[in-house]
1. Antiparallel versus total DSSP beta bridges in chain B: what percent is that, nearest 5?
2. Only Cα pairs within less than 10 Å get springs; with that Gaussian network setup on chain B, which residue of B:R162, B:R149, B:R237 has the largest fluctuation?
3. For an R0 of 45 angstrom, estimate the FRET efficiency from the Cβ-Cβ distance between A:S100 and A:F297 and round to the nearest 0.05.
4. Reachable lysines from A:K427, Cα under 26 Å, same-chain residues fewer than 8 places away excluded?
5. With axes computed from alpha carbons, what is the tilt in degrees of helix B:247-260 against the longest principal axis of chain B, rounded to the nearest 10 within 0 to 90?
6. Mind checking which lysines have their C-alpha under 19 Å from A:K126, skipping anything on the same chain fewer than 8 residues away?
7. Straight-line reach from B:K187: which lysines fall under 21 Å, measuring Cα to Cα and dropping same-chain residues less than 8 apart?
8. How many angstrom separate the Cα center of segment A:298-338 from the Cα center of segment B:42-115?
Amino acid sequence: MAAAGTAAVRAVAVRAAGPRSRLKQRTKRYRLPNLRLDEENCTGCGACVDTCPFGALVLEGAVVRILDSCTDCGACVGSCPSEALILERPKAAGPAVDLSAYKDVWIVVEYDRKGVSHVALELLGKGRELADRLGCRLAALVLGESVSHLTDELFAHGADLAYVVEHAALKKYRTDPYVETAAQLIRKHKPEVVLLGATTTGRDFAGALAAEIDTGLTADCTGLEIDAASRNLVQTRPAFGGNIMAQIVCKRHRPQMSTVRPKVMELPKRRDGHKGQVVKEEVALDDEKFLTKVLEFVKEEGSTVNLADANVIVSGGRGLQDPANFKVIEELAKVLGGAVGASRAAVDAGWIAYPHQVGQTGKTVRPKLYIACGISGAIQHLAGMQTSDIIVAVNKDPDAPIFKVATFGVVADLFQAVPLLTEKLRKRLGK
Amino acid sequence: MHAIVCIKQVPESPSVGIDPKTNTLIRQGIPSIINPFDLYAIEEALLLKDKSGGKVTVVTMGPPQAVDALKEALAMGCDEAIFLCDKGFAGSDTWATSYALAKAIQSKAADYDVIFCGKQAIDGDTAQVGPGVARRLGIPQLTYVCKVREVDLEAKKIVVERLLEAGKEVVESRLPALVTVVKDINKPRFRTLIGIRKASQAQIPMLKPSDIGCEEEHTGLAGSPTEVVKIFTPEPRKGGQVIEGEPEEACETLVQKLMDAKIL
């Protein structure tokens, strides 16, 4: 959406983000966006002003004015009760491809030494539902050097068939050979929907694949459903740190591609003995041609940094006052078998390494339990953790914004409360 | 050495807070900034220039005010700026954006060695434009890079560390390549006085699709495969309860509540 977007109301933009003389160049005034206002119909209710993610709409007297900062994202159009905002899409060229030639739902399988990844199983659950709605098959795409042993697990979680490509060039994930292989298979079998996990690998893969096969891609979806009338996939995703949800469709291109945020879709029930069809595909890959080489993988020490997979995250912020005090956090995390997170303040102060950072410029996490200790809850931090199932906040400031999102709050000095919590949980959990 | 940096101007805050009276978002008056991840991309390009000489070209697409982002990049030490700003680009999704950026690079700065981007923008959060640009240019992509270990311009080789969920992956690639960076990689420098003066005098033309060889049916709203059909504000998460009492007592209650929730 609005990838070219920018923001903020020009007239009141504060704080010099750039040279102060910058406005001079902009002498030529012209209406950039395609968005138009039908002044006759505008009632000045202001609904659109609240909806615009870019602050590009302002009320002037009884009507709305569209500012230069409008990016044509279209967010406002549906919010107007009197249909006064018009975003004329250029005459819809017909479908870019023959839509009816595309069928089946595919999911791209991530795995590691331990087997199929959690997010791939979640995708199978969602994929099954979509395939049933569309009346088509659910297929899993598995690429690697030796991956045939994974297919039973995929069938047990709902796949009807598995396309398997085994090749030495696919031993470790690398963008180019993986994209080339997946693109060949997609061109050959023409799936209607392709889903990937919104992991680092999934997003690296999907971004390149969508460009390669010339189709739309929606990132980091948290909701997917089929519009019965059009068979289009309606993709819901958060933007602006989760403060806005957008529904996106890809009408004229196929396949419809999404990456799906881990831990959002439900894990399907395992059905042992459910069988499917294995389709082995041969793909000609010239390893010489690929220009990247994975030299090594350096696993992070301990298990406390993998925030993406953790069911419990204990995070520390400015309230810790000193890097040594992260020990308090680590001990609680250890008792809970969880990972250690941190606010940006703690990372920027150098108290803990960046991979632990949760929030807008760090990681977005969704554990079952998130315990924020000494974190005030700046909006940038909330953007990274507010969809956690249960949030616990420990902070001595009763007015800290973190308490506004916390399921349970304890107003106390963390140095007193967190060790108490650790001790009590250790006893209860028998550790 | 010629490095290109793709940047985006974004609203400073991911949202802007909720008006407590009307319970709606307040967005007016949010300053626009260079996407934070893009600042690290700019710095990484400048570090390479400090070491190897050459120049850094910064590219953006956006409404007229996005020229400020380019000027800030120039003030930090970038040498040239390319500005895609036209009705024909407005409303582009990531597919159309990466198409336009790739066309701009091919037509205006084709002699590059490396392209840097931020890993994603903080407004859209897609992380899709960098890979899209790389694919269209037919060059390798190295995403989520937290360290550039080595750049050998002679041998056309780069070695980077990629920050993944469970650790770091060390990857070697041929140049030219496109690198997307995370925050940890460096500390962006400040603008210099000389830079600010230079930037303020820079004339940055607004390019339209035909200036960079774009077919208009592939840019902007017309060229975007995806379409936003609805935008809504999710119910804000409701706070729960603050557990009263002295720490000892409060913690006991909390532990009981967590046990009751059956998540441990």
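Computed from the coordinates by the stated procedures, all read-outs in this text should not be read as laboratory data. Just so you know, these numbers come straight off a predicted model, no measurement behind them. Cβ: placed from backbone, ideal geometry, glycine included. Neighbour counts: every protein chain shown.
1. 45
2. Residue with maximal mean-square fluctuation among B:R162, B:R149, B:R237: B:R237.
3. The computed FRET efficiency comes out at 0.55.
4. Excluding near neighbours in sequence, the set is A:K327, A:K334, A:K368, A:K396, B:K257, B:K262.
5. Its long axis makes an angle of about 80 degrees.
6. In chain and number order, the partners are A:K103, A:K263, A:K269, A:K275.
7. A:K363, B:K8, B:K49, B:K51, B:K55, B:K71, B:K119, B:K147, B:K168
8. 38
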